[in-house]
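Remarks on the structure that follows.
Read-outs throughout are calculated quantities, based only on the coordinates presented, and are distinct from any laboratory measurement. Not measured: the values here are computed from a predicted model. Virtual Cβ from ideal backbone geometry, glycine too; neighbours counted across all protein chains shown.
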Amino acid sequence: MPAHNSPFSWMLAAAMLAGFARGGDASAQGAAPPPSVSVTPVITHQVTETAAFVGRVTAVDKVDIVARVPGFIEQRYFTEGQHVKRGDLLFRIEQQTYKAAVEQQRANLAKARATEVNAALQLERGKELVRDKNIPQATVDQRAADEAAAQADVMQAQATLDQAEINLGYTEIVSPIDGRIGLANFTVGNLVDPSSGKLATIVSQDPIYVIFQVSERDVLEYKTRMAELADKAGHVTVHVKLPNGSTYPHPGLSNFLDVQVETATDTVAVRAQLPNPEGLLLPGGIVNVTVDRGTPRSALVVPQSAVLLDQAGHYVLVVDASSKVELRRVTTGIEEGRNIVVTDGLKEGEQVIVEGIQKVHPGQIVTASSVRGH
C-alpha cells in the first residue's frame with residue numbers, strides 16, 4: 001500500500017487542516033474592528049436653577065358688554081373675533097324714544113327758565129313797591145320764595161334733561177377697552193335691557209397675565225433669597241411653554257403675590273405679566289410655567305442622552321485617552337433644555353458616549369467620533 005494512503009498520513013492531514021482552520025478563525029477575530037461610538041465633551045455652561053408649575057392664562061382686562069337702557073338692537077358694528085379699540089361703536093339701540101325724551105326735557109327746562117325770569121321780575125317790582133309801602137312786606141317775602149322755587153325748578157329740569165341725554169348716549173354701546181371681542185349673544189332686532197346679561201365679551205390681548213400656584217415653602221425660599229440680594233425689586237423671571245411643547249418667545253416678570261394662602265390647596269397664587277404681541281397666549285388656557293430660582297451660575301452639563309440609570313443610580317460611559325470605555329457614576333442636577341447638569345463624577349473636557357451606548361461595555365476598546373457640541 002502506498003505511504004500516502006496510510007492511516008497515519010490521514011491523521012496528520014486532518015490535524016494540519018484543523019490547525020489551519022483554527023489559525024484562520026483567530027486571524028478573523030483579530031481583524032474585527034472595535035465598535036464605533038459617538039462622543040461629546042463635558043462642557044461648562046451658564047445655568048439657572050428653575051422650578052416648574054402649571055399656570056392659567058388670564059386677560060389683564062375683561063369686560064362684559066351689557067345694555068344700560070332697554071330697547072331693540074338696531075345695528076351691530078363689529079365682526080365676532082375682531083380686534084376693537086376703546087371707543088369703537090359696537091351696538092346701537094333704537095333711539096327715537098330717547099331722542100323724544102330729550103326734546104321733552106329741553107322744553108320743560110325752557111319753561112322752568114321762563115318761570116324763573118318772571119319770578120325774578122315780580123320780586124324786583126315788589127321790592128320797589130314795598131319801599132313806597134304800596135304792598136305789604138309779606139307779599140315781597142312770598143315773591144322771594146316764588147323766585148327761589150323757580151330756580152329750583154330750573155335745576156330739576158336741567159338734571160332731568162341731563163339724564164335724558166345720558167340715556168340717549170347709552171343707546172350707542174362702545175368698547176371701553178382695546179382687545180378682541182367674542183361672540184354676540186344677541187342679534188339685530190332683539191329686545192335687550194340691563195337684565196338681559198352680556199351682549200358680548202371683550203378681552204385684552206397684550207400684555208397678558210399668567211397665574212400659577214406655588215407652595216408656602218417656595219414663597220419662604222423666595223423671600224429669603226430676596227433678603228440676601230441687594231436688589232429688592234421682588235420680581236422673578238417667568239418662562240412659559242405652550243401646549244404644543246414649544247417655548248414661548250417672550251419671558252415675563254411676576255408682579256403680584258397673593259395676600260393669603262388658599263386653604264383648600266395650601267398654595268399661594270402668583271401672577272406674572274408677559275408680552276403677547278402675536279396673540280399666542282389665549283385667556284383661559286393652561287401653560288407650563290418655569291420660574292428662575294436664582295442668578296445664572298457655571299455648571300458642568302452633558303446631553304441627557306448620555307445619562308443612564310440602573311438600580312445603583314445614574315451613570316455615564318466615558319471614553320478615556322486610550323479609547324477604553326469606563327463606567328462613571330454621576331450626581332445629576334437640573335435639566336437645561338436637552339442637557340442635564342452633573343454636579344459630581346465628571347470633569348470638564350471628558351468624552352461621554354451619546355450614541356452607540358448599547359454596543360459597548362466597560363473596559364472595551366472603541367472607535368470614538370465627536371458629534372456636534374451641545
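Structural remarks
- Lysine pair number, Cα distance threshold 24 Å (strictly under), the chain, separation 8 or more or different chains: 8
- Phi angles across the stretch 110-124 convert, under the Karplus curve 6.51 cos²θ - 1.76 cosθ + 1.60 with θ = phi - 60°, into 3J(HN,Hα) values of 4, 5, 5, 5, 5, 5, 5, 4, 4, 5, 5, 5, 4, 5, 5 Hz, Gly and Pro given as x.
- Listed peptides 281-290, 127-136 by packing density, highest first (mean Cβ within 10 Å): 281-290, 127-136
- By the Stokes-Einstein formula, at 0.692 mPa s and 37 °C, the chain with its Kirkwood radius over alpha-carbon pairs has D equal to 108 µm²/s.
- Relative contact order for the stretch 65-202: 51 percent, from Cα pairs under 8 Å spaced at least 6 residues apart, divided by residue count.
- Residue by residue, the stretch 77-90 carries 3J(HN,Hα) couplings of 10, 9, 9, 4, x, 7, 7, 10, 9, 4, x, 5, 6, 10 Hz when phi is fed to the Karplus relation 6.51 cos²θ - 1.76 cosθ + 1.60 (θ = phi - 60°); x denotes Gly or Pro.
- Translational diffusion coefficient of the stretch 52-195 (Stokes-Einstein, Kirkwood radius from Cα pairs, 4 °C, 1.567 mPa s): 67 µm²/s.
- Of interest is the spacing of the C-alpha centroids, which for the stretch 109-149 and the stretch 270-327 amounts to 90 Å.
- Between Val60 and Ser204, Tyr209, the built amide H atoms are under 5 Å apart, and every one of these is 5 or more places off in sequence or on another chain.
- Among the trypsin sites (Lys or Arg not before Pro) in the stretch 42-79, those located in a DSSP loop and surrounded by at most 16 other Cβ atoms within 10 Å of their own Cβ are Arg68.
- Considering only alpha-carbon pairs that sit under 8 angstrom and 6 or more positions apart, the relative contact order computed for the chain is 28 percent.
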